[in-house]
Amino acid sequence: MSTTKHSDELNHRILLGKARMTVELALASAERAVFSSKFGPDSAVFLHFVTRLKPDIPIIRVETGYDTRATRTFVDDIQQRLDLDLHVFRPEAHVLRSPPALDDPDHPAFVEEVKLAPFRDALQSLDAGVWLSSIRRYQSAYRQGTSPFVTLPTGVLKVSPFLDWSADTVARYAREHELERGPDVFDPTKGEPFRECGLHTALGA
């Protein structure tokens with residue numbers, strides 16, 4: 001093995017080990033931990049990683065009502081493969097419509113209705129003490145400055161074990177464990193790529 005390949009391997013192991021230690025610390029810090037997933041292109045990687053450490057961890061999925069058929073099929077497939085303890089939460093009495101533009105005065109209320117309110121309900125219904133998230137620093141400017149452990153105003157500990165993973169780290173883990181890549185997810189609340197939808201900002205995280 002060349003020196004470069006050897007260092008790449010060691011760096012990869014460090015990232016995996018750091019993520020594993022972060023998850024283990026999170027699980028030890030509260031009786032009830034949950035993991036949220038949007039079931040997007042890289043979600044199988046993080047679902048696989050976390051459920052290998054805690055197979056029965058509740059998985060939160062907010063189903064906005066705007067999912068594609070490909071996303072729904074992927075959810076079913078990965079749930080069966082990984083035997084996920086999946087908990088689906090939906091907006092109450094929401095009527096499907098064209099998502100409002102970012103500069104539309106109705107946009108904040110739309111985000112609250114289809115994503116934030118169901119997610120708060122999920123944390124409360126599952127009595128979550130720890131919320132595990134799969135965000136990475138390279139995904140947005142906001143995420144570059146966040147920390148692995150953040151206590152929300154509600155007292156829930158938000159934990160981000162994969163912050164320092166690169167796209168290459170994710171792809172390598174997927175290859176090593178033969179994990180399928182999920183479809184692109186249509187998020188009606190974002191409006192544009194690399195923009196925070198509000199889930200990681202509005203909750204005080």
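The values are calculated or read from the model by the stated rules, or taken from the named source; none is laboratory data. Quantities reported herein were computed from a predicted structural model and do not represent experimental measurements. We place every Cβ from the backbone using ideal geometry, glycine too, and count neighbours over all the protein chains shown. Side chains are part of the model used for accessible areas, which takes the heavy atoms of the whole protein and leaves out ligands, DNA and RNA. Shrake-Rupley method; radii C 1.70, N 1.55, O 1.52, S 1.80 Å.
Points to keep in mind about this one:
- Unsatisfied cross-links (Cα-Cα over 19 Å) in the set Lys18/Lys190; Lys18/Lys54; Lys115/Lys190; Lys54/Lys115; Lys38/Lys115; Lys54/Lys158: Lys18/Lys190; Lys54/Lys115
- Each of the peptides 174-184, 30-40 was scored by the mean count of other Cβ atoms within 10 Å over its residues; in descending order, highest first, they stand as 30-40, 174-184.
- Diffusion coefficient of the range 74-147 by Stokes-Einstein, Kirkwood radius over Cα pairs, 4 °C, 1.567 mPa s: 85 µm²/s.
- The range 64-205: C-alpha gyration tensor shape, a/c 1.5 cut-off, then a/b vs b/c: rounded
- Computed over every Cα-Cα pair of the range 111-165 and binned at 5 Å starting from 0, the pair-distance distribution P(r) comes out as 5, 18, 22, 23, 22, 9, 1 percent.
- Treating each Cα of the range 1-98 as an identical point scatterer and summing with the Debye formula, the log10 of I(q)/I(0) at q = 0.10, 0.13, 0.19, 0.23 Å⁻¹ comes to -0.39, -0.60, -0.98, -1.19.
- For the pair the range 113-164 and the range 17-39, the centres of their Cα atoms are 11 angstrom apart.
- Under 5 Å, built H, 5+ apart or other chain: amide partners of Asp42: Gly182
- Of all accessible heavy-atom area on the chain, the percent that carbon and sulfur account for (1.4 Å): 50
- Degrees separating the helix 43-53 axis from the principal Cα axis of the chain, which is the longest one: 60
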